[in-house]
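The values are calculated or read from the model by the stated rules, or taken from the named source; none is laboratory data. Nothing here was measured: the structure is a model prediction, and the numbers come from that model. Cβ coordinates were reconstructed from backbone atoms using ideal geometry, including for glycine residues, and neighbour counts include every protein chain displayed. Ligands, DNA and RNA are excluded from the accessible area calculation, which covers all protein heavy atoms including side chains. Shrake-Rupley method; radii C 1.70, N 1.55, O 1.52, S 1.80 Å.
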Amino acid sequence: MEKFRIRGGRRLVGEVRISGSKNAALPCLAATLLTSEPVTLPGLPRVRDIVTMERVLAALGESCEHVNGATRAVAGRSGAFHAPYELVRTMRASVLVLGPLLARRHRARVALPGGCAIGARPVDFHLEALARLGADLRIESGDVVAEAPRGLCGSDIVFPRITVTGTENLLMAAVLSRGRTILRNCALEPEVEDLARMLAAMGARINGIGTSTLEVEGVESLRGADHNVIPDRIEAGTYVIAAVLAGSGVTVSRCRPVHLAALLTVLGEAGVTFSVRADAIDVPEQEVRPRAASLETAEYPGFATDLQAQFLTLATQAMGTSSITEAIFENRFQHVLELKRLGASIAVEGPTAHVHGPTHLDGTTVMASDLRASASLVLAGLVAGGETVVDRIYHLDRGYEAMEVKLNALGAQVERFNPGPYL
Ligand code: EPZ
């Protein structure tokens, strides 16, 4: 099982280029099921979740070629409709094939995603809304079995709680449904907007893109398209935090600063100095430690839950006691115990972590538990004394493209190694 060995105390200098957004690429790849024509997606990040989604699509009869850095997907006229458990269990976002399969093939069999480290993460909102579009749904041997023999029919749907992939699944179902669908209380995440723009380029008729109410007029069929996904705002935020923690002049480029407004606001309030350009964020060496901050994660445009763990690591080095409240998931403090092994002083009370800083961190072995928790441990290793070994970095590889390559290019010392089959 691969690990990272990180030598702490190295300063980061230079430019890091952000990859395409994993969480935009996943729904866009699922949307390729909505047409028989080729869809080209340049610049998708080479991360495990993308590879998994391409394998799910292959199981559904789709071909995915990689030509000159672009993914060319052709669903063709396959009638396959079963997304197998072996693949879905490794990535819950596989549930995103449910909507497009129902919309175009009128049936789907998708393994129910299990829980994961950060919470139960049910998909009840997805299923209830698809039933409103006329799908017959049942659970059979751990699979969602969905059928709509006469196709889907538009409806007025209100999500009981904002759900990112729920919004994306239903948007993909609605574009080929008969008549009008109104989706209310939609997620505003940039990745949802990016999917909507790709669907529109394929010929879908969507009003309200970028707002919480999406009105869709169903069409008979969709054409292929070429679509560049947006930069990964969570990767960008992770490197901005790395630059604040250990940087002596770092530029985070090829990103969309506007997608990071909540993080940048909190950093500004904490006294962090940085400047913003159209597609880059410049972080000079910090002359003083950041002040402690208090924040609560929220749906976009609020503070992203996917940056909570990384910010918590920064809070261990801030002056004072920070209060960080996780309001989206019920169990997203897995990284806290590992950070305490490094010497962090953190007290968790219900959904809030109280982080006392600054604390000296001493390198040791820590274990990643989920994608963003593993990023927070790598960030801690950059500033911890001595050597930090982060185990189970397969979690990291799900959503960060070549993280050790990008960090070492900035001057870090991160070694990826595999101690052998029994460790
Ligand atoms: C998306 O997950 C992201 N994944 C997550 O990123 C991100 O943390 C999350 O949105 C919140 O921003 C992708 O886009 C592939 P939700 P999603 O549905 O859609 C509850 C990462 O690190 N809920 O918005 O699964 C749910 O349990 C990943 O890249 C229901 O109860 O999240 C959660 O508490 C981690 N029933 C809340 O709503 C449902 O049917 C928000 O979940 C759906 C959701």
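Observations on the model:
- Charge dipole (debye, nearest 20) of segment 166-324; +1 at Cβ of Lys and Arg, -1 at Cβ of Asp and Glu: 220 debye
- Cut-off 15 Å (backbone N to label point 7 Å along Cα→Cβ of residue 276), residues of segment 223-253: 233-234, 236-237, 240-241, 252-253
- In a reduced charge model with +1 at each Lys and Arg Cβ and -1 at each Asp and Glu Cβ, segment 1-130 shows a dipole moment near 540 debye about its Cα centre.
- Taking a straight line from the alpha carbon of residue 22, these lysines sit under 23 Å away, with near neighbours fewer than eight places off in the same chain left out: 3, 406.
- Most mobile listed residue (393, 157, 139) in the chain, GNM with C-alpha springs under 10 Å: 139
- Using the Cα coordinates of segment 184-337, the gyration tensor eigenvalues translate into equivalent-ellipsoid semi-axes of 34, 19, 12 Å, sorted from longest to shortest.
- Solvent-accessible surface of protein heavy atoms, probed at 1.4 angstrom with all chains present, puts 186, 64, 153 in the order 153, 64, 186, largest first.
- Where a label projected 7 Å from the Cα of residue 362 along Cα→Cβ would reach, residues of segment 322-342 with amide N under 20 Å: 336-342
- Distant alpha-carbon pairs in segment 160-256 (separation over 18 angstrom), percent: 53 percent
- Semi-axes of the equivalent ellipsoid for segment 244-334, computed as √(5λ) from the eigenvalues of its C-alpha gyration tensor and ordered from largest down, come to 21, 17, 10 Å.
- Surface/4 estimate of mean projected area, convex hull on alpha-carbon atoms of segment 273-392, nm²: 7.8 nm²
- The chain: relative contact order as a whole-number percent, Cα under 8 Å and 6+ apart: 21 percent
- Fraction of the pair-distance distribution of segment 49-162 above 16 Å, Cα-Cα pairs, percent: 61 percent
- Cα lying deepest toward the dipole's positive end in the chain, options 290, 61, 155, charges on Cβ: 61
- Area accessible to solvent at residue 1, 1.4 Å probe radius, in Å²: 100 Å²
- Low-density loop cleavage sites - GluC sites (Glu not before Pro) in segment 215-263, where at most 13 other Cβ are within 10 Å (DSSP): 220
- Segment 312-357: C-alpha gyration tensor shape, a/c 1.5 cut-off, then a/b vs b/c: oblate
- Surface/4 of the Cα convex hull for segment 1-57, nm²: 6.1 nm²
- When the chain is treated as a Gaussian network with alpha carbon springs shorter than 10 Å, the biggest mean-square fluctuation among 397, 194, 279 belongs to 279.
- Computed over segment 127-251: relative contact order in percent, which uses C-alpha pairs under 8 Å that are six or more apart: 20 percent
- The simple Förster model, with R0 at 51 Å and r as the Cβ-Cβ distance, assigns residue 15 and residue 138 a FRET efficiency of 0.45.
- Within segment 328-388, GluC sites (Glu not before Pro) in DSSP loop having at most 13 other beta-carbon neighbours inside 10 Å: 330
- Hypothetical label at residue 178: residues of segment 125-160 whose amide nitrogen lies under 19 Å (7 Å Cα-Cβ projection): 130-137, 147-157
- With Rh defined as the Kirkwood radius, the inverse of the mean 1/r over Cα pairs, the Rg/Rh of segment 111-186 is 0.98.
- Placing unit charges on the Cβ atoms of the charged side chains and taking the dipole of the chain about its Cα centre, the candidate lying farthest along the positive direction among 311, 185, 85 is 85.
- Applying a DSSP loop filter and a limit of 16 other Cβ atoms within 10 Å to the trypsin sites (Lys or Arg not before Pro) in segment 15-117 leaves 46, 77, 89.
- Full extension of the chain between residue 331 and residue 269 yields a length gain of 19.6 nm, computed as 0.36 nm times the residue separation minus the alpha carbon distance.
- P(r), alpha carbons of segment 37-96 - 5 Å bins starting at zero, rounded %: 4, 19, 28, 25, 18, 7, 0
- Residue of 196, 309, 402 that the Gaussian network model of the chain assigns the largest fluctuation, springs spanning Cα pairs under 10 Å: 402
- DSSP bridge pairs, the chain: antiparallel proportion in percent, nearest 5: 70 percent
- In the chain, one over the average inverse separation of all distinct C-alpha pairs is 22.0 Å, which is the Kirkwood hydrodynamic radius.
- Rounded to the nearest 20 debye, the dipole size of segment 368-423 about its Cα centre is 100 debye, using +1 on the Cβ of Lys and Arg and -1 on the Cβ of Asp and Glu.
- Global geometry of segment 65-112, whether rounded, prolate or oblate, following the gyration tensor of its Cα atoms and the 1.5 cut on a/c: oblate
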